[in-house]
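Here the structure is laid out as structure tokens; the discussion comes afterwards.
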Amino acid sequence: MQKNGYRIQFTSSRIRDLMYRTTFDPKKMEGDVILNLSLIDKKDLDDVLGIFKMVISSGLSVTPYVKVISEGEPIGDTTIEKGKVGIGTVCSITIDGVLLKAGIPVNPKLGGVVQIRNGLPVRFTDVLTYVSTTVDPLEILMSQGITSVSEMLRTGSGKILANLREAPMVARDEIESNLSDLLDAGFSGILEVGEPNTRVLDVPIERDHLGIVVIGGTNPMAVVQEYGIPIDTSAMSRLISFKEMSRIEDLV
């Protein structure tokens with residue numbers, strides 16, 4: 001499909017490309033991960049890092065690692081403009097890349113908003129499939145102002161960003177082994193692993209598959225937005241060496 005001479009790329013195609021290029025090894029804690037990149041005003045940096053720390057320490061992120069890029073500093077083919085600071089978090093699609101490299105044919109399916117009640121996930125309330133959009137679903141849903149991540153942090157009930165992938169049920173043991181390795185590496189964002197042939201958070205799963213729900217790496221950005229601080233987020237922005245990232249508690 002082309003528009004004005006340019007080929008339109010659906011998010012599913014971009015995800016597959018990034019998954020194949022992910023090289024992160026959770027046992028060695030090295031390799032390339034996928035980055036969500038946000039731009040904020042330089043004056044808001046301390047407040048934003050404080051919010052990020054609060055959200056990450058509550059477990060509502062993929063990892064506790066972030067990357068801060070100062071004004072004038074390059075990140076890939078982009079240079080942070082004057083008066084701005086870039087903050088990167090690990091995108092949950094990195095987990096799919098790790099599973100893929102382990103020989104598990106994982107299929108990222110959709111991004112959405114998950115209702116949390118008394119600390120427990122209930123259901124997806126809004127979803128967008130990766131094959132139906134050219135923009136990351138969590139980026140779109142965050143811009144709609146329908147999350148209530150900060151309320152969930154205060155009360156235990158609210159709406160957070162998460163995404164769903166499917167994998168063959170015959171690979172369940174390998175999936176659990178790799179998710180355990182990721183957990184040991186600090187990837188604590190696994191929200192739910194479903195039973196084979198069973199709906200996950202009210203979303204149907206393909207036959208002979210199981211669903212895995214992972215907390216969205218853009219939840220810290222959603223809270224910043226809920227606090228009224230301007231933030232411009234580009235999900236699945238680029239790949240970056242994991243060694244360039246720092247634990248949030250080392251920055252705040």
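The values are calculated or read from the model by the stated rules, or taken from the named source; none is laboratory data. Note that this is a predicted model, so its numbers are computed, not measured. Here Cβ is always computed from backbone atoms with ideal geometry, including for glycine, and neighbour counts include all displayed protein chains. In case anyone asks, the SASA skips ligands and DNA or RNA and just uses the protein heavy atoms, side chains included. Shrake-Rupley method; radii C 1.70, N 1.55, O 1.52, S 1.80 Å.
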Phi-based couplings in Hz for the stretch 126-139 (Karplus 6.51, -1.76, 1.60; Gly and Pro marked x): 9, 9, 9, 7, 5, 7, 10, 9, 9, 10, 4, x, 5, 5
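Given 4 °C and 1.567 mPa s, compute D for the stretch 74-194 with the Stokes-Einstein relation, Rh being the Kirkwood radius over Cα pairs; round to the nearest whole µm²/s. Before the final figure, lay out the partial values.
Numbers: Rh = 16.3 Å.
My calculation gives 79 µm²/s for D.
Scan the chain and hand back the longest stretch that contains none of the GluC sites (Glu not before Pro) lying in DSSP loops with at most 15 other Cβ atoms within 10 Å.
On the way: sites that count: GLU71, GLU81, GLU206.
The segment 82-205 is the longest one with no such site.
How much length would be gained if the chain were fully extended between SER180 and LYS243, taking 0.36 nm per residue of separation minus their Cα-Cα distance, in nm to one decimal? Don't skip to the answer; put the middle values down first.
Working: separation 63, 0.36 × 63 = 22.68 nm, distance 2.07 nm.
Net length gain for the segment: 20.6 nm.
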Given labels modelled 7 Å from the Cα in the Cβ direction, how far is it in nm from ASP41 to THR134? 3.2 nm
Using 7 Å Cα-to-Cβ label points, what is the MET29/ARG123 separation (nm, one decimal)? 4.2 nm
Tell me, which longest segment in the chain has none of the trypsin sites (Lys or Arg not before Pro) that fall in DSSP loops with at most 13 further Cβ atoms within 10 Å? 83-198
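Roll a 1.4 angstrom probe over the protein heavy atoms and tell me the percent of accessible area of the chain that is carbon or sulfur. Don't skip to the answer; put the middle values down first.
Working: 5400 of 11480 Å².
Here carbon and sulfur together make up 47 percent of the probe-accessible area.
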Starting from 0.36 nm per residue, how many nanometres of slack lie between ALA102 and GLU195 once their C-alpha separation is accounted for? 31.4 nm
Rounded to the nearest Å, what's the spacing between the alpha carbon centres of the stretch 142-184 and the stretch 86-127? Just the number, please. 5 Å
Debye, to nearest 20: dipole size of the chain, +1 on Lys, Arg Cβ, -1 on Asp, Glu Cβ: 400 debye
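Ignoring ligands, DNA and RNA, what accessible area per residue does the chain give at 1.4 Å, in Å²?
The answer is 46 Å² per residue.
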Surrounding net charge for ILE104, when Lys and Arg each add one and Asp and Glu each subtract one, Cβ distance under 13 Å: -3
